[in-house]
Amino acid sequence: LKMSWFWLYLALHLLMATCLCHSVKATTTSSQQSFKTDLFNFYHSLILADGKETTIHLLKDIPKRYYFVLEESRVLTPFSITVTPCDVPIEWSIFVYKSPPGLPGKATPGDHDTREVSKSQKPPSIVSTIFNYKGNSVETYMGMSSHSALYLLEFLSTERDTHITVYLTTDTTSGHLYPELPMDPRIDVIGIGHTTVTLTWKHSPSVLQHRESIQYCLLVNEKHNYKSLCAAETAIRSSGMKLPPTLALSLSPYLLEPQQVMILSNSELSIINKVSSGEVRQVCMGTKNTYTVPSLSPSTQYYFDVFIVNLLTNASAAYTGTFARTLEEPEPKVTELKDGKVINVVLDGKKQKFYSLQYQARHKKIHFTFQLCRGQIRVHITRNGKTVASENLSGLRYFSLKGKLLDTYLVQLRSTEESNSSVKVQASPHFHKPLFPLLPESLKIKSFSKLRTCRSVTIAWLGTQEESKYCVYRKRIEEDQIWRELQSADRCSGPESRHKSEKVLCKYFYDLNLQRAVTTETIKGLEAGTFYLFDVYLFGPSGIPVRYHSKVVKTRKKC
């Protein structure tokens with residue numbers, strides 16, 4: 001006869017009564033002792049759904065119980081239970097109440113974990129423990145039964161609050177919820193570079209059967225390997241991230257957090273999470289089983305995990321993770337700096353590599369000059385291996401350093417933008433003829449709104465105590481060209497790069513009182529309601545110009 005709900009109700013009461021009256025000879029394991037002590041909570045146990053993955057939240061040191069019933073059958077009924085810890089190691093057990101003794105079953109092997117499976121040769125008992133496990137691996141128990149039986153699963157977390165997923169199925173013939181792993185689930189490292197690692201792994205049998213609904217996802221991080229995708233996502237969230245569920249799996253257009261970057265190229269989705277312990281990348285590449293991870297840091301150890309994912313159910317299985325250390329970056333080529341010689345350096349923003357210049361001092365006082373032409377640049381100067389200066393360059397910058405004869409200076413330059421940057425560099429003794437003219441406190445050009453007319457604008461700029469030549473240039477531009485003109489301007493280029501028609505005037509002036517070292521100029525002959533780009537060039541004794549910051553002014557439409 002099939003087990004009825006009435007029989008189940010009686011079985012629960014009989015189970016409690018039997019244990020409370022000590023009529024059953026119990027084993028001395030801690031799991032069974034805990035089971036007996038808390039039998040009154042049986043009423044609060046939940047039914048574990050068959051054929052559905054169930055998410056269970058566990059509070060620290062508070063056990064949680066689920067049960068399911070197998071009905072009597074003329075043939076053996078197979079069943080399996082898969083438990084996936086999503087964070088810390090947990091303890092879980094399977095208890096059974098049945099009328100006939102014995103229940104054949106076995107557990108799949110796991111690495112470095114503990115387990116107990118009761119043997120059918122033991123004396124029969126009404127309540128018996130058939131499985132114990134403690135660890136954080138994905139573990140599956142497989143069993144068979146031909147008798148009416150009630151099974152109770154108990155889960156416990158002793159470290160902290162956590163959550164797990166549990167999958168029970170009694171239908172092992174209609175397919176698997178989880179994708180299948182190959183016989184050899186290892187990830188092989190087949191290539192290591194300074195910034196790349198190439199991986200390969202054997203195809204999952206599920207890919208061959210369900211290519212359209214199966215894909216591989218790769219997780220890269222600098223901390224450790226993860227035994228499940230559930231554990232990986234939990235770790236990312238605990239780092240302060242707000243990761244949408246199954247973000248890397250469903251490929252849905254979620255709104256990312258500020259710490260996340262999404263990259264979609266060549267049908268591959270990459271999600272880069274900036275966390276305190278380094279970058280965490282999720283890459284889904286379809287059914288390709290070879291992948292080269294790009295843009296890694298040199299001389300850094302990375303951990304790689306591959307997950308085979310069923311897109312229809314979001315269920316996944318983990319390959320055995322691996323790790324690799326990228327190669328050390330080769331020593332950069334060093335260019336020698338010579339006294340008074342100007343070197344123009346162009347830096348590739350995409351590669352983010354340092355450009356190195358070396359200078360050996362022939363005098364105690366050394367003068368370094370940097371003129372930023374385009375982009376943004378970081379400069380780092382060391383003397384005999386010790387840092388003496390490090391900062392971001394802006395416009396024109398001087399460093400006057402004092403040391404000893406034959407000191408070795410190393411200048412390292414790096415673009416801080418993805419676009420290319422350029423800079424002019426000069427090293428010379430302190431008393432050497434200066435490359436650039438004496439500069440004012442500010443290189444900004446000021447315009448006077450109240451003095452604007454339909455046909456003219458008035459601009460002003462600061463001068464110095466040294467008599468110098470100043471040349472003014474103007475250029476008519478459209479409104480949608482302003483940003484591009486200002487961003488792409490080469491601040492090292494001189495008037496020779498300008499069209500002759502753009503020249504307005506050249507003048508000399510200076511003032512020994514810096515408070516009065518200001519000059520103004522009214523530019524006439526302009527068109528009404530039009531944008532103009534104004535530039536001022538300052539020439540010193542060497543003849544090399546310094547360009548003031550460009551200024552855009554619009555004339556009045558009506559006067």
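The values are calculated or read from the model by the stated rules, or taken from the named source; none is laboratory data. Bear in mind the structure is a predicted one, so any value in this text is a computation, not a measurement. Reconstructed Cβ throughout: ideal geometry from the backbone, glycine too, with neighbour counts over all protein chains shown.
Values for this structure:
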item	result
Qualifying residue in the stretch 530-538 (condition: of a type in the set (S, T, N, Q), surrounded by 15 or more Cβ atoms within 10 Å (Cβ to Cβ) and more than 26 Å from ARG397 (Cβ to Cβ))	yes
Test: THR165 is part of a strand (DSSP E or B), over 25 Å from PRO85 (Cβ atoms) and touching a strand residue (DSSP E or B) at 6+ places or on another chain (Cβ under 7 Å)	no
Inter-residue pairs, beta-carbon under 8 Å, first in contact (Cβ under 8 Å) with a residue 60 or more places away in the chain and in the stretch 373-387, second of a type in the set (Lys, Arg) and in a strand (DSSP E or B), 6+ apart	CYS373/LYS424
Matching strands (runs of 3 or more DSSP E) fully within the stretch 285-351 where at least 1 residues are free of Cβ contacts under 8 Å to residues at least 60 places away in the same chain	334-336
Residue check, GLN371 surrounded by 13 or more Cβ atoms within 10 Å (Cβ to Cβ), closer than 20 Å to TYR548 by Cβ, of a type outside the set (Val, Ile, Thr) and out of contact with any Pro (no Cβ under 8 Å at 6 or more places or on another chain)	yes
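Residue-by-condition table, conditions (1) at pLDDT 95 or above; (2) over 47 Å from the mean Cα position of the chain (by Cα):
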residue	(1), (2)
LEU514	no, yes
PHE534	yes, no
LEU538	no, no
VAL546	no, no
CYS559	no, yes
